[in-house]
Amino acid sequence: MKVSESDMTALYLKPTHVLMVLVMILVLALTGCKKESPSPEQPDASQTTTQDKADANDDAATTGQMSTPLTTSEEQTEAEKEREFLSDPDVVTCELEEIATSLVDIPEDGLQPSFMRRVHRQEMDKVMKGTITLVGRPFTILLGEDLEREFYLFDIQKGFGPYWLGSWRLHSYHKIDGEFCQFMLVEDGAKIAAKPYKGDIGTIRIGKGNRNLDRAEFNGSVYQAGFVSAPIGTIEPNWPAYVEECEIPVGDYTAHMINVRYGSITFSISNNYYTNAQGQSRNDKERVYGVHIRKDTPYVLDFSNKPMVIFERPSASQRSFRRGEKITFGAVLIDPKLDIMIRSLGNAFSRKNIDPKVVITRASGKIVAEGVMPFG
């Protein structure tokens, strides 16, 4: 692959992410590579949108969390957490009832909960429903079987359910009228409780990094360990509105999916679920929560860390392949300090992606394959 260092540096100066998957049909035996089965964090690009990919990546990382039996000590801890949660003088609760999925009455233009797609695929015919009063008005709550993937909050008065990556998680920081709210299932699932978040708040801000830009703004979401997410931007029906800075609960985060408008360039960032800068695979590395939100000092995301290109490729342990076997290679532009990917580079005015051309050659210089390498 011939991609010069100067080319990659130039691309990053207009912060980008490079994510490429090239599939070669081998006509001769090759050495030094190994085919690996695709990770559950990589949905088929031909079958999913960018948003669906982010959903699938996030879902794959948490599947099964709720099914592990609790030990006696863990049950006590959960009971203590419930008592502490319910002791808040501002807590409100509502009963949950089981209803048929056919009776879910969310208006079509109010954005149907994304987890309902999974419910229908799995041929589930029941969900839990409740009506709770928050900030002085009623909200509908829907719950599926997995609390970390199947929670939906619908604002009856405003007619929409806030949607951002992580909004379907019961334990995320849910933003209502500019204030954060926390939820907990109580009384063995018979009720759901909600209370205002009363912890410290910090600020995350988009920075220009000494670049000559006429604008810098972002939206989306971040998440902490345990996939507790917080939205970035002003809550609107389809997705948070762009902002230059945003307040979120204090903690250590990584990017969930953040969209950036940087002058005339647009791009997105997310947690890097590929190999990291140290060469550790997605299964061996620890997730980096490098976005440190503190009460008194704003965190500035300005893409000033030196970028690095890492390559996703088959393992070197396999030395040969069958004729016609497919091998997948990928190149990813990352921030090695935050371990985030920079992806989906485009032009804000033309709304077209900016895709470089990539050439793969043999050691002799003979071209094996060439084509466009999309930015995520």
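What follows draws every value from the coordinates through simple rules; no lab data is involved. Being a predicted model, the structure only gives us computed values, none of them experimental. Quick reminder, even Gly has a Cβ in these numbers, built from the backbone with ideal geometry, and neighbours come from all protein chains shown.
Debye sum, Cα scatterers, the range 194-239, no solvent: what log₁₀ I/I(0) at q = 0.16, 0.28, 0.31, 0.33 1/Å? Scattering profile of the range 194-239, log10 relative to I(0): -0.66, -1.20, -1.23, -1.24. Label separation (residue 79 vs residue 135): 3.7 nm, computed from points 7 Å beyond Cα along the C-beta direction.
For the pair residue 348 and residue 308, label points projected 7 Å from Cα toward Cβ lie 3.0 nm apart. Across the range 224-239, coupling constants 3J(HN,Hα) worked out from phi with the 6.51/-1.76/1.60 Karplus curve, θ = phi - 60°, read 9, 4, x, 6, 7, 9, 9, x, 10, x, 7, 5, 9, x, 8, 5 Hz, and Gly and Pro carry x.
Applying 1/(1 + (r/R0)^6) with R0 = 35 Å to the Cβ-Cβ distance of residue 264 and residue 369 gives a FRET efficiency near 0.65.
Restricting the GluC sites (Glu not before Pro) of the range 193-268 to loop positions (DSSP other than H, G, I, E, B) with no more than 11 neighbouring Cβ atoms within 10 Å leaves 244.
The Cα atoms of the range 89-195 cover 40, 32, 22 Å along the three principal axes, with the biggest extent listed first.
Other residues within the sphere of radius under 10 Å centred on the Cβ of residue 190, judged by their own Cβ, net out at -3 (K and R +1, D and E -1). Working note: Karplus 6.51/-1.76/1.60 with θ = phi - 60° gives the range 250-262 the couplings 4, x, 9, 10, 10, 5, 8, 8, 10, 9, 10, 10, 10 Hz, where Gly and Pro are set to x. Once you sort the root eigenvalues of the Cα gyration tensor of the range 179-309 as a ≥ b ≥ c, which label holds: rounded (a/c under 1.5), prolate (a/b larger than b/c) or oblate (the other case)? It comes out oblate by the Cα gyration axes. Which of the trypsin sites (Lys or Arg not before Pro) across the range 165-273 are loop residues per DSSP, with 13 or fewer other Cβ within 10 Å? Answer in residue order: 198, 215.
By the count of neighbouring beta-carbon atoms within 10 Å, fewest first, 180, 85 end up ordered 85, 180. Each Lys and Arg Cβ is given +1 and each Asp and Glu Cβ -1; about its Cα centre, the range 89-195 then shows a dipole of about 300 debye. Distant-in-sequence amide contacts of residue 339, defined by a placed amide H-H separation under 5 Å and a gap of 5 or more residues or a different chain, comprise nothing.
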